[in-house]
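The block underneath contains the structure these notes are about, expressed in structure tokens.
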């Protein structure tokens, strides 16, 4: 069975979209909500559990979207910056190392 | 004419004028109370919790836990308790038959006639009310935090709370609210229970409930209203700040998504228990007292985590329908369908594969990122007001932070007498 993946939704405004274009990642954006773009960084079970433990305000929306929500803005900003720097969405292990 | 509330009992405000109370309280023991108890004193004294006249005695607690009824047979689902430690009881010399003054902000708030001092097993209480004794459930955890003994007895408010801006226009006690409904000519009013800033899913829950409530009534004149009754109580970090909740709910009316003819926002002081089905029953009693004829219930009403099924509250309400004087209105979820290009009900639209569901949590995550959601999902006036409230009341954050908890403007204060 394929491993479950849980998205962290990073909402994309124009400025962020330009950064993703430069990093060659803009195609990874999805239109998720009435045209609003989202860049989704996926966590596996272990990463999800660690995120929920390390950032107690974060919440796993088990009922509606199966996504990890309410991460502090600076944490999501840092994940986004790492994706742009590494030109990859596979950054969570690296990001979580320091926690 | 008498105003009849929950359980068929007349709503009577238990309020004594301060001038009359001043001499009565001079030699009485003064007991400070925390915000939960102060909220509940207001609930009892103004008739929000009618037919309760005070904090519950053991017979009521026993009956509420076992039968979901007060000892007099009226449906009631959640114990309303005043707790003190053994040490406090000794320190204040509290005895059965005595009267004491309950103080808040160091000022006299209410007289309590002590009728009973009793103990009750917290674990069995939690299991009965919440359907679990898991200490992780916030209601159970509140139950376990009660001090050694419970004090039962009638309450009389002797000093009205001063409601601080921006909340002041939204505190409308039951008798006053019923008058407002009459003035507006509303013959049916449906309650929207909330602790949230509204996204359009919430807006459509209200609109859908309004249509359901209108039913067979004549449409020649506007005679049906929606009452947004926001629950204001204990906050947790990450919640929207209270100022945002109450002001944005009203903004839907001010910005024309509703109007004066069909929408009103008020608040009730209450620390949510997250009791799911039993909280739904409590809401039915509360809103009956406010003069509402209908009450909207969505999925997993007042639930938390995975403790309750999505329709447990509906099933509970159906079981006791004959004992309630309010009609439950059940609502399905609303979502965005890109094919329809609109917010629609999951009960209507059949483009299931294209549905874009959204929750309050998801919207909070967008707001937290500082990104303005599309107007079909979150009204621009609401977003702008959330951000304005963050600056004005939230110390820069639209959500509850340590700063907000420490320095926020109190919703109400008890003034000196």
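The values are calculated or read from the model by the stated rules, or taken from the named source; none is laboratory data. For clarity, every value in this text was computed on a predicted model and none was experimentally measured. Neighbour counts run over all protein chains shown; Cβ positions are idealised from the backbone, glycine included.
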So which residues in region A:59-83 are in contact with a helix residue (DSSP H, G or I) (Cβ under 9 Å, 6 or more places away or on another chain), surrounded by fewer than 17 Cβ atoms within 10 Å (Cβ to Cβ) and touching a residue at least 24 places away in the same chain (Cβ under 8 Å)? none
Sort out which residues of region B:205-238 are more than 19 Å from residue B:297 (Cα to Cα) and crowded, with 17+ Cβ neighbours inside 10 Å, and write them in order of number. B:223, B:233, B:235, B:238
Inside region B:134-152, can you point out the residues that are out of contact with any strand residue (DSSP E or B) (no Cβ under 6 Å at 6 or more places or on another chain) and surrounded by fewer than 17 Cβ atoms within 10 Å (Cβ to Cβ)? B:134, B:135, B:136, B:141, B:144, B:145, B:148
Pick from region B:353-368, criterion surrounded by fewer than 21 Cβ atoms within 10 Å (Cβ to Cβ) and within 7 Å of chain A (Cβ to nearest Cβ), ranking: nearest to residue A:36 (Cα to Cα): B:356
Of everything in region A:25-39, what is touching a helix residue (DSSP H, G or I) at 6+ places or on another chain (Cβ under 8 Å) and within 8 Å of chain B (Cβ to nearest Cβ)? Give them in sequence order. A:33, A:36
Going through B:275, B:302, B:280 one at a time, which residue ends up being on the phi > 0 side of the Ramachandran plot and buried (at least 21 other Cβ atoms within 10 Å of the Cβ)? B:302
Subset of region B:346-368 [in a loop (DSSP other than H, G, I, E, B) and over 20 Å from residue B:206 (Cβ atoms)]: B:350, B:351, B:355
Looking at region A:8-23, which of the residues that are in contact with a strand residue (DSSP E or B) (Cβ under 7 Å, 6 or more places away or on another chain) and in contact (Cβ under 8 Å) with a residue 60 or more places away in the chain is farthest from the other protein chains (Cβ to nearest Cβ)? A:20
Quick one: which residue in A:45, A:94, A:90, A:49 is within 13 Å of the chain's Cα centre (by Cα), away from every other protein chain (no Cβ under 13 Å) and more than 30 Å from residue B:376 (Cα to Cα)? A:90
Looking at region B:376-393, I want the residues that are more than 13 Å from every other protein chain (Cβ to nearest Cβ) and modelled with pLDDT of 95 or more and have a partner that is in a helix (DSSP H, G or I) and surrounded by fewer than 18 Cβ atoms within 10 Å (Cβ to Cβ) with Cβ atoms under 8 Å, at least 6 apart or on another chain. Which pairs are those? B:381/B:254
Checking B:304, B:329, B:343, B:371 in turn, the sole residue that is more than 28 Å from the chain's Cα centre (by Cα) and either within 13 Å of chain A (Cβ to nearest Cβ) or part of a strand (DSSP E or B) (or both) turns out to be B:371
